[in-house]
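Working notes, beginning with the structure itself.
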Amino acid sequence: DFDFYFHEEDCLKMSVAANYMSEYALETIRVKMGAYGAWARVVNGTMIFFAYRTPKPFESVEYYKTMVNDILSEEINQTMLDAAKRKAFGDFIAYYSKRALARKEDAYWMRGKTMEEVCTKYINIILN
């Protein structure tokens, strides 16, 4: 969800982090613990972690509690980071394009700029 309750650049960066953590958690929570799915999302400025239909809910919570420190102590997986950036940008553009079209006017987030200008700005935010 990209409702900007705080600075939009922070929202995009948190979305990249959530996508990275989703990939990181998928192997353990889905494959090793038997859940149907595992992911993280940013909602209203808060990062939320999910484990869908897990037979080990308490172990999933404990895993998420330690996961961030595990990620910070390891070298970043560049392939996973690049995929997380692409997904964050795709989600952002899809959400706001739909929102702008539904309103038949420039959406607040575009602030009078063309879609190309907006995309360039947010590509630079996500890539840096």
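Readers should treat all values here as calculations from the given coordinates under stated rules, not as data from a laboratory. What you see is a predicted model; the values in this text were computed from it and never measured. Backbone-built Cβ (ideal geometry, glycine too); neighbour counts: all protein chains shown.
From most to least packed by mean Cβ count within 10 Å, the peptides 71-81, 16-26 give 16-26, 71-81.
Spin-label model, Asn69 to Ile123: label points 7 Å out along the Cα-to-beta-carbon direction sit 4.0 nm apart.
Quick one: length gained pulling Asp10 to Thr79 fully straight, 0.36 nm per residue minus the C-alpha distance? Mind dumping the intermediate values first?
Numbers: separation 69, 0.36 × 69 = 24.84 nm, distance 2.18 nm.
Contour length minus the Cα-Cα distance gives 22.7 nm.
The Cβ shell under 14 Å around Tyr52 holds other residues with a net charge of +4, Lys and Arg each +1, Asp and Glu each -1.
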